[in-house]
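Engineer: Pasting a structure here, questions to come.
The values are calculated or read from the model by the stated rules, or taken from the named source; none is laboratory data. Worth saying up front: this structure is predicted, and the values here are computed from it rather than measured. Every residue, glycine among them, receives a Cβ derived from its backbone with ideal geometry; neighbour counts consider all protein chains shown. Side chains included, ligands, DNA and RNA excluded: accessible areas come from the protein's heavy atoms. Shrake-Rupley method; radii C 1.70, N 1.55, O 1.52, S 1.80 Å.
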Amino acid sequence: MRVTSPGPDPAREEFRGSVDGQTPRPPLTLVTRERLHSALDLGVRSPLTLVVAPAGTGKTVLLSDWVLRRRRSAKPVVWVPGQTPKVLHEFLERAEGTGGALVPDPIVVDDAHLLPPATVAEVSRVLQRAPQAVRLLFATRYDLPLPVPELEVQGMALTLRSRDLRFNDAEATALVQAHAGNATADDITLVQEKTAGWAAALVLAARMLQASGDIVWPLVNQRPVLDLLLGETLNTLDEQVQTMLLSTFGTTSLTGRLASVLSGDAEAGSMLADLAASGLLVTAYADDPGHDPLYRYHPLLVELLRRRIAASVEDRRLVVAAQHRSALYYESRGDTEAALRSALQADDPGLVERMLLGHGPALLAAGEVRLVEAGFDALPEGYVELHPHLFGVRGLLRRATGDVAGAVLDAASADDSASDAEPMAPEDGALAADAILLRLWQARYGWHDVHAAIGRARSLLTPAPADRRGSRSAVLAPERLAWLLIELAAAETWADELDAALSHLDEALVTARMAGHARLIAGGLAHRAVVQHIRGQVQNAAASARAAFDAAGEQGLPQEYAVRAQVVLGFAAVNELDVDTAWHYHQVVAETEVAGSDTVVAGLRAMLRAVVLVERGRLAEALTELTTDPAAAGPLPSYLSRDLALMRSWLASLVGDKSAVDTQVTVLERTGNATEAELVRAMTSIVEGDAETTLKLIEAGLERPGIYPPLASAAASFRTVLLGRTGDEPAAEAALVDTLNRVTPQRLLHVLTPAGDEPEFLDQLRKHVTGPNPHPFAAPVLEKLSNYQAGWSQAGGMTTLARTRRDARLPPPRPLDAVVNGARIRLTAREAEVLDQLALGGSYSEIAQALYITENTVKTHLISLYRKLGVEKRSAALRAARSLGLL
């Protein structure tokens, strides 16, 4: 009997290549796939083994390699091409004659799909009557009418399909490197990603890489071959399946239900399951057993279908109809991003308009600026002017992209186009809301009257009484409503209407949470953090700021929101006496572009920088920072004027500028902060008056309602120190408890640092902590203040309390800073003490005895002193210190 070796085939020839440019060699010498060899070894122990996969998947290469290996091992095997059925017929006759008495040799039939129907029927008959008489290994491009299910049930058949023939990553690496020795790991990763392990495409891509040194996708030069191989598979599918594929291929991954929606075919899910069973065109992913599998199309199939719709009007219509259904489907499920993306593929300006008008603001608030921009780009020229309801959305888009002039123009057009009809149609309400959103934004920068904008927003949001016909209230989508409420609250914050702002922010958060819109939730929290900080609710503000970042998740906060949360967290760090963290947040805010454009944020940023500079002892820089008010359209809000005046008066008191303190008291009175002015005046009165008068003035000020909590806490601690000085211990103890009660809710530690600079206050705290009924917050306060050394104190700054101590007549501490050889140095307090003792002529032991330290410690401080002063001995150090004013 004649046995034919594997012959040439056009598709098969794509696997034949030359690595070295010499004589082509069979590809089976390139990559041996052990896992598949093992499967075939196992399969041929049974009557039937099938390798079912389309052209180009490597069936012939696999079988050729397996056959040759078997022959090298002296194991029998017979190769029969499908084009010569007569040879197979002879084997079948012999098999029936033996009746299975002997173990037959494996018969490999390549291209079994070419066998005539009569031969296939004969094979089927033998498998049914005498399956043990044969060992058949068929490679075919599609299933043959054989009794496979019956044999599989009995464990007498094995089927390998496209999914099994796909090259895994290791195999793909070996195959590509065999054809392209210069392939990098990144090249191989790209090729494997694009080909999804399809043998033909792997080889063609590797050849292109070897020839050009680069890989460009798609493989334009190899497209005819790819289309031949994959198109052959696609064309064997019936028209219903092809229609389903054309309707759904644009989706990255889909379920059976989504495929039914897109294609309009209830059987789409079962079609996908059937296709996934073969594993070439479609792959099923079932990560969660409790859910339907996700299907993904082979990347090359997607390319082929994309080119097909470009060349066929009918196919393009199928896709357009599918994308129209897709847009409506995603919209119904609340996935507005996917809905707009589908609408852009539907070739329907009306549908794009609907998505932009209904969901544009929500997408912009979610950070999908480019997607909304693509939506407007897809509209015909002049479309917006003919559909004026879109003016508001386009204005919001221009605002988001930084086109301020365009946003202002669209805001005016939106105002002009807003309908006065009552009640409002949905599109009228959307336009009115967008127009007001833009006006509120403009009002915060002085381009529009803030009170007029606030009034319009409230009118839109407030239903008319039931006895009035019609209503200007609008029914808005939750995302648009939440954004409008946030912008309204921001304007109310600027307008000094903090109660209304908090109320609207609470409403915005409820609405955004109902909509599940993470960025709007985060935006509401960031704005609320600022309002809470303004009211002195330091801990609440910090909690809201942190919650804003948590709500935003990996997507992150837009700069407009992030800068608010960051400046609040900076102040929270100051309050915890964590100056380094506060400086970090200041730097982050300072580098943010929007920080200087919002007056409230700009003012808070300046004060954050100033307070950190003060705590670091850089008083002159802090004075410079607070020289002018932040740029603003009109007068500053009273709370911003209050905070700036309090910060300036605090800094003026540290440098001993009484007239500057008086000036800031006047500013407080002029800006509607009379209670705060009264308290500051009360505390500074101790400089020229007596403790009893000052205490009475502080008591009167603290009894006033609505006083700023941090200032009230500072005044209470001031009163505690003064009472301690008078010797009235019961009154001082009661004042201390009152101070702790005031600072505890928001953990207002920073306002206690002036009192903490007073030894008597710390002594009183220690006595209270060890007493019979200590306040719960007393121990943490004592620990924080005892371990904190304020930079302003080391730099020579003195508080009003320090200036009125019994030892206040002593000269103020000398400067510890100097410039040596162009570099600024700073002595520590202990180094200054050592320098004083050095000037008195003391020896190491005498200095150590005077300062209650060891001689080794004295030497360590002297080494540091010499290094800072740039000298090497005592006499030079003393001369340098005197010349620099350090002695």
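Engineer: Quick check on segment 860-882: of everything there that is surrounded by fewer than 17 Cβ atoms within 10 Å (Cβ to Cβ) and more than 56 Å from the chain's Cα centre (by Cα), which residue is nearest to Gly842 (Cα to Cα)?
Structural biologist: Here the answer is Arg874.
Engineer: What do you reckon, is Val563 among the aliphatic types (A, V, I, L, M) and buried (at least 21 other Cβ atoms within 10 Å of the Cβ)?
Structural biologist: Yes; evaluated as a whole, the condition is true for this residue.
Engineer: Just give me the residues in segment 533-546 being within 22 Å of Asp499 (Cβ to Cβ) and surrounded by fewer than 24 Cβ atoms within 10 Å (Cβ to Cβ), in sequence order.
Structural biologist: Ile534, Arg535, Gly536, Gln537, Gln539, Asn540, Ala543
Engineer: Condition (residue is of a type in the set (A, V, I, L, M, F, W, C), under 26 Å from Thr401 (Cα atoms) and open to solvent by 30 Å² or more (accessible area, probe 1.4 Å)) applied to segment 547-556: is it met by at least one residue?
Structural biologist: Within segment 547-556, one or more residues are of a type in the set (A, V, I, L, M, F, W, C), under 26 Å from Thr401 (Cα atoms) and open to solvent by 30 Å² or more (accessible area, probe 1.4 Å).
Engineer: Across segment 537-554, what is the total count of residues that are under 15 Å from Thr744 (Cβ atoms) and charged (D, E, K, R)?
Structural biologist: Of the residues in that region, 0 qualify.
Engineer: So which residues in segment 121-141 are closer than 24 Å to Thr233 by Cα and touching a helix residue (DSSP H, G or I) at 6+ places or on another chain (Cβ under 6 Å)?
Structural biologist: Matches in segment 121-141: Phe138, Ala139, Thr140, Arg141.
Engineer: Return the residues of segment 379-417 that are assigned to a loop (DSSP other than H, G, I, E, B), charged (D, E, K, R) and surrounded by 15 or more Cβ atoms within 10 Å (Cβ to Cβ); say none if nothing qualifies.
Structural biologist: The answer is Asp403, and nothing else.
Engineer: Across segment 30-54, which residue is nearest to Ala139 (Cα to Cα) among those that are open to solvent by 10 Å² or more (accessible area, probe 1.4 Å) and of a type in the set (Gly, Ala, Ser)?
Structural biologist: Ala39
Engineer: Can you list residue pairs whose Cβ atoms sit under 7 Å apart, with the first residue in segment 162-173 being more than 11 Å from Thr195 (Cα to Cα) and the second being aromatic (Phe, Trp, Tyr) and open to solvent by less than 20 Å² (accessible area, probe 1.4 Å)? Count only pairs 6 or more apart in sequence or on different chains.
Structural biologist: That search, which allows pairs on different chains as well, returns nothing.
Engineer: What are the residues in segment 711-736 that are in contact with a helix residue (DSSP H, G or I) (Cβ under 8 Å, 6 or more places away or on another chain) and surrounded by fewer than 20 Cβ atoms within 10 Å (Cβ to Cβ), if any?
Structural biologist: Passing the criteria: Arg725, Thr726, Ala731, Glu733.
Engineer: Cβ-Cβ distance below 8 Å, separation of 6 or more or different chains: which pairs start in segment 436-447 with a residue that is without any contact (Cβ under 8 Å) to a residue 60 or more places away in the chain and end on one that is surrounded by fewer than 24 Cβ atoms within 10 Å (Cβ to Cβ) and not in a helix (DSSP H, G or I)?
Structural biologist: Matching pairs, first to second residue: Arg439/His448; Gln442/His448; Ala443/Asp449.
Engineer: Scan segment 257-271 and give yes if some residue there is small (Gly, Ala, Ser), more than 27 Å from Gly56 (Cβ to Cβ), at pLDDT below 90 and not in a helix (DSSP H, G or I), otherwise no.
Structural biologist: The answer is no, given that none of the residues of segment 257-271 is small (Gly, Ala, Ser), more than 27 Å from Gly56 (Cβ to Cβ), at pLDDT below 90 and not in a helix (DSSP H, G or I).
Engineer: I've got another one for you. So which residues in segment 94-123 are open to solvent by less than 20 Å² (accessible area, probe 1.4 Å), at pLDDT 90 or above and in a helix (DSSP H, G or I), if there are any at all?
Structural biologist: Hits for segment 94-123 are Ala112, Thr119, Val120, Glu122, Val123.
Engineer: Hey, another quick one. Could you figure out which of (1) crowded, with 20+ Cβ neighbours inside 10 Å; (2) on the phi > 0 side of the Ramachandran plot isn't true of Gly334?
Structural biologist: All conditions are met except number (1).
Engineer: Would you confirm whether any residue within segment 709-723 is assigned to a loop (DSSP other than H, G, I, E, B) and either farther than 25 Å from Leu644 by Cβ or at pLDDT below 95 (or both)?
Structural biologist: For segment 709-723, residues assigned to a loop (DSSP other than H, G, I, E, B) and either farther than 25 Å from Leu644 by Cβ or at pLDDT below 95 (or both): absent.
Engineer: Please verify whether segment 446-453 includes one or more residues that are of a type in the set (Phe, Trp, Tyr), surrounded by fewer than 19 Cβ atoms within 10 Å (Cβ to Cβ) and part of a loop (DSSP other than H, G, I, E, B).
Structural biologist: There is at least one residue in segment 446-453 that is of a type in the set (Phe, Trp, Tyr), surrounded by fewer than 19 Cβ atoms within 10 Å (Cβ to Cβ) and part of a loop (DSSP other than H, G, I, E, B).
Engineer: What is the residue count in segment 745-759 for residues that are open to solvent by less than 50 Å² (accessible area, probe 1.4 Å), in a loop (DSSP other than H, G, I, E, B), within 21 Å of Asn540 (Cα to Cα) and not hydrophobic (A, V, I, L, M, F, W, C)?
Structural biologist: Residues meeting the conditions: 1.
Engineer: State the number of residues belonging to segment 575-585 that are touching a residue at least 24 places away in the same chain (Cβ under 8 Å) and surrounded by fewer than 24 Cβ atoms within 10 Å (Cβ to Cβ).
Structural biologist: Total meeting the criteria: 5.
Engineer: Test Gly155 against the criterion of being out of contact with any Leu (no Cβ under 6 Å at 6 or more places or on another chain) and either surrounded by fewer than 17 Cβ atoms within 10 Å (Cβ to Cβ) or part of a helix (DSSP H, G or I) (or both), and give yes or no.
Structural biologist: yes
Engineer: Which numbered condition trips up Arg805, out of (1) touching a residue at least 24 places away in the same chain (Cβ under 8 Å); (2) over 48 Å from the mean Cα position of the chain (by Cα); (3) in a helix (DSSP H, G or I)?
Structural biologist: The one condition Arg805 does not meet is (3).
Engineer: When Lys696 is evaluated against the numbered criteria (1) touching a Phe, Trp or Tyr at 6+ places or on another chain (Cβ under 9 Å); (2) in a helix (DSSP H, G or I), which criterion, by number, is the only one it fails?
Structural biologist: Lys696 satisfies every listed condition except (1).
Engineer: Here is a further query. Confirm whether Leu328 is hydrophobic (A, V, I, L, M, F, W, C), part of a helix (DSSP H, G or I) and out of contact with any helix residue (DSSP H, G or I) (no Cβ under 7 Å at 6 or more places or on another chain).
Structural biologist: Criteria met by Leu328.
Engineer: I'd like the full set of residues that are open to solvent by less than 50 Å² (accessible area, probe 1.4 Å) and touching a residue at least 60 places away in the same chain (Cβ under 8 Å), limited to segment 253-275.
Structural biologist: Once the filter is applied, which keeps residues that are open to solvent by less than 50 Å² (accessible area, probe 1.4 Å) and touching a residue at least 60 places away in the same chain (Cβ under 8 Å), segment 253-275 yields Leu258, Val261, Leu262.
Engineer: Scan (1) assigned to a helix (DSSP H, G or I); (2) over 22 Å from Thr32 (Cβ atoms) for the single condition Leu144 breaks and write down its number.
Structural biologist: So the condition that Leu144 fails would be (1).
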